[in-house]
Amino acid sequence: MGEQRPSSEFDGLGQARAIASSRAMVAIAAVAVIGLLLWMLRAVFDVVALVFAGILLAVFLRGIGDWLSRHTPLSRGWALAVTVVALAAVLAAGVWLIAPSLAAQVDELAQRLPQAARRAAEHAGRYAWSRELAERLSDVRLLPHARQALQGATRLLSTMLGALAGAVVVLFVGLFLAAEPAAYHKGLLRLVPIARRARASSVLDDMGHLLHRWLLGRLISMAIVGVMTWIGLALLGIRLALTLAILAAMLTFVPYIGPVLSAVPAVLLGLLHGPAMAGYVIALYLGVQLVESYLLTPLIQRSAVSLPPALTLVTQVLLGTLTGGLGVVLATPILAVLVVLAKRVYVEGVLGDTTVNQGEDAPVPGLPEQR
């Protein structure tokens, strides 16, 4: 008869298999939960994004109204009303003064971009690595059938109506939240256990201050980038400088990805004047973004939460893949709020680490000090 293993060895093998099986089940359950959460995020993100955009608008309006109330005899309600009316008047005046020339420039831009794209394809065709790509692009049908054009027009109309409805929702959510923030603040706190409501109120206040500082900093950066781009393109003699500057200012709201997208039409138009002009335009946009990234942002948003660039890009790609362009636009403020929640609720509240806001040079509790 063969040698039999002791029962303790069998027990040990069985226990190891049971532990491995339980770990596998936990891993499978974790993957399933993450998949379910991603599916739910994709299903409800449009609604959540509109509400979040409304919150950003409310924070912006309330911040201006509170500043006006502190420096004038007006109450908060009247200061908010004056803020809304003044912003509406400025917007209407801007549309009245700029809209005609801007519409003409946008129309000219739409006509010149295909010509610029063909010029870029011609320059690229001089190199062996891009000839095959140029040949394939030349085979693409530019004139779709009538049925396809009708379907495209229908989708465009649906998209425009959806965007208009979304803008209306954001506007009313922002106005209602800005008019009575205390009511919604108290309503959220009633969902928290009584013993933790004080801390929850502090976390909500921190999130509001953070969004206010971040949004104010973004708006200032957008304005400065737009002015610098307009002056630079005008000095270079690039047509449609105003339209390109407004586009650059708007896309500055989306860090990292937005500036790259805003440079594409300007470089294409510069290529119409030759490769040297395209190089000057690229240098201009790089210079403006260097000033914005390394001078404006550190000065304006030094009191806001610091977001690692890699984490910001990953969040933009993730939300953009799951939800589309709206996710990319709102990825950075959403990430800022999540970072505050992670620090205040989990790191401080659960782990008990109170050094999380002391800077990168602060020692990490539980690790030996490094000299």
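What are the ³J(HN,Hα) values, in whole Hz, obtained from phi via the Karplus relation 6.51 cos²θ - 1.76 cosθ + 1.60 with θ = phi - 60°, for each residue of segment 61-70 in sequence order, with x given for Gly and Pro?
Going residue by residue, I get 5, 5, x, 5, x, 5, 5, 5, 5, 6 Hz, with x marking Gly and Pro.
Check which residues have an amide H placed less than 5 Å from Leu272's amide H, if you skip close sequence neighbours.
Counting only residues 5 or more places away or on other chains, the set is empty.
Heavy atoms only, probe 1.4 Å: what % of the accessible area of segment 239-297 goes to carbon and sulfur, would you let me know?
Here carbon and sulfur together make up 81 percent of the probe-accessible area.
Short version: ³J(HN,Hα) in whole Hz for each residue of segment 320-327, in order, from phi by Karplus 6.51 cos²θ - 1.76 cosθ + 1.60 (θ = phi - 60°), x for Gly and Pro, what are they?
Each residue of segment 320-327 in turn: x, 5, 7, 10, x, x, 5, x Hz.
Quick check on segment 230-286: take the gyration tensor over C-alpha atoms, sort the square-rooted eigenvalues as a ≥ b ≥ c, and tell me if it's rounded (a/c under 1.5), prolate or oblate.
Numbers: a/c = 2.11, a/b = 1.53, b/c = 1.38.
In terms of gyration-tensor shape, prolate.
Please say if segment 184-290 is rounded, prolate or oblate, where rounded means a/c under 1.5 for a ≥ b ≥ c the square roots of the C-alpha gyration tensor eigenvalues, and otherwise the choice is prolate for a/b larger than b/c and oblate otherwise?
In terms of gyration-tensor shape, prolate.
Rounded to whole Hz and in sequence order, give me ³J(HN,Hα) for segment 248-258 from the Karplus expression 6.51 cos²θ - 1.76 cosθ + 1.60, θ = phi - 60°, writing x for Gly and Pro.
Coupling constants for segment 248-258: 5, 5, 5, 6, 5, 4, 9, x, 6, 7, x Hz.
The values are calculated or read from the model by the stated rules, or taken from the named source; none is laboratory data. Everything numeric in this text was worked out from a predicted model, so none of it was measured. The area values use the complete protein model at the heavy-atom level, side chains included, leaving out ligands, DNA and RNA. Shrake-Rupley method; radii C 1.70, N 1.55, O 1.52, S 1.80 Å.
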